[in-house]
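This report refers to the structure that appears directly beneath it.
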Amino acid sequence: TEPWRIPDPDDLPIIDPNFADGPNYVGPDGGTTFRPYARDPATLARPWAPPGRAGLEHRIGGLEKANEFGHVSYDGANHEKMSELRAAKVAGVAASYPSLEVDDPTGDASLLVVGWGGTYGSLSAGVAVARGRGVRVAHLQLRYLNPLPHDLGNILNHYQRVLVPELNLGQL
């Protein structure tokens, strides 16, 4: 066994959950209310309301809520809007990905081998064998599948052929 390294709590980054501290909407009459499903335009994240805060009461749970207001909604147009918001929120995660790194030492490979997850060792070993035999081959190991990285299309288009040697149900 090895000893666990315990970080000094003072060295940890401060995490600001950006809790809601009051109403976030001013109506045309000047009245203020809390809209629990009003989203940050950049991240599409909802405000976090600490439990028990007066004026910040809202419903949570599995039923779909009305956009911005947060009451249970069975409306089809609202369902479509909320589905689009959820999809956009997931798609926005790709902006936080680092740029993809292709293992193409000479930069002149015509074949790109693409893998994901646990195939890294087998694929990199196979690519090394192929290079030893004179095959111009590059290797790309993906870390994220949903959403796919923004720079993936440009990388795939750079190569004449792309090989995806996966034994799964086709998620890649």
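The values are calculated or read from the model by the stated rules, or taken from the named source; none is laboratory data. This one's a predicted model, so the numbers in the text were calculated from it and none came from an experiment. As a convention, Cβ positions derive from the backbone with ideal geometry for all residues, glycine included, and neighbour counts pool all protein chains shown.
Things to note:
- Filter pass, Asp108 being free of Cβ contacts under 8 Å to residues at least 60 places away in the same chain and closer than 30 Å to Thr43 by Cα: no
- Check on Ala45, among the aliphatic types (A, V, I, L, M), surrounded by 14 or more Cβ atoms within 10 Å (Cβ to Cβ) and either closer than 26 Å to Val90 by Cα or out of contact with any Lys or Arg (no Cβ under 6 Å at 6 or more places or on another chain) (or both): no
- Any hit, region 1-16, residues being hydrophobic (A, V, I, L, M, F, W, C) and surrounded by 10 or more Cβ atoms within 10 Å (Cβ to Cβ): no
- Annotation note: Cβ proximity below 6 Å between a residue of region 128-151 that is in contact (Cβ under 8 Å) with a residue 12 or more places away in the chain and a residue that is surrounded by fewer than 11 Cβ atoms within 10 Å (Cβ to Cβ) (sequence gap 6+ or interchain) occurs for Arg136/Asp108; Asp151/Ser99.
- With respect to the conditions (1) surrounded by 17 or more Cβ atoms within 10 Å (Cβ to Cβ); (2) assigned to a helix (DSSP H, G or I), Val114 lacks only one, and its number is (2).
- Residue in region 49-72 that is surrounded by 10 or more Cβ atoms within 10 Å (Cβ to Cβ), under 27 Å from the mean Cα position of the chain (by Cα), within 23 Å of Pro147 (Cβ to Cβ) and not assigned by TED's automatic domain parsing to the domain that holds Asp151 present: yes
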